[in-house]
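Novice: One structure is given below, represented as structure tokens, and several questions about it will come after.
Values in this text are rule-based calculations from the coordinates and carry no lab data. Since we're looking at a predicted model, the values are computed, not measured. Glycine gets a Cβ as well: all are built from the backbone with ideal geometry, and neighbour counts include every protein chain shown.
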């Protein structure tokens with residue numbers, strides 16, 4: 001009996017983008033990534049691949065201290081976004097699929 005295999009599904013953003021962690025300054029972010037407005041939502045793309053970025057980002061100030069953390073899924077902010085001053089969390093926000101959900105109490 002001959003078996004016929006179905007073709008693999010077409011790739012989606014989620015299946016063709018890679019997940020990673022990235023750390024750098026604001027200047028480095030602007031050099032490596034570009035923000036595009038997709039369906040009214042800011043979406044972060046890697047300039048090298050032109051694919052939406054998946055993973056965590058840590059933004060450093062000019063002294064190398066952490067100033068922000070965020071997580072992106074398919075280029076859109078998802079989960080907790082943190083802002084820091086002098087190593088302390090000063091602001092926390094919650095995002096879902098690129099849409100602001102609410103502010104959270106800073107720890």
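Novice: If you take the square roots of the eigenvalues of the alpha-carbon gyration tensor of the stretch 20-104 and sort them as a ≥ b ≥ c, do you get rounded (a/c under 1.5), prolate (a/b over b/c) or oblate?
Specialist: Note, shape of the stretch 20-104 comes out oblate.
Novice: Can you give the extra length, in nm with one decimal, that the chain gains between residue 89 and residue 38 once fully stretched, where that is 0.36 nm per residue apart less the Cα-Cα distance?
Specialist: 15.4 nm
Novice: Let me ask something else about it. How many nm is it between the label spots at residue 26 and residue 105, if each spot is 7 Å from the Cα in line with the beta carbon?
Specialist: Computed distance between label sites residue 26 and residue 105 equals 3.0 nm.
Novice: Ok, one more. What does the highest-first list of 58-65, 35-42 look like by mean Cβ count within 10 Å?
Specialist: Result, highest mean first: 58-65, 35-42.
Novice: Principal axis extents for the stretch 63-107, Cα atoms only, whole Å, descending order, please.
Specialist: 30, 23, 9
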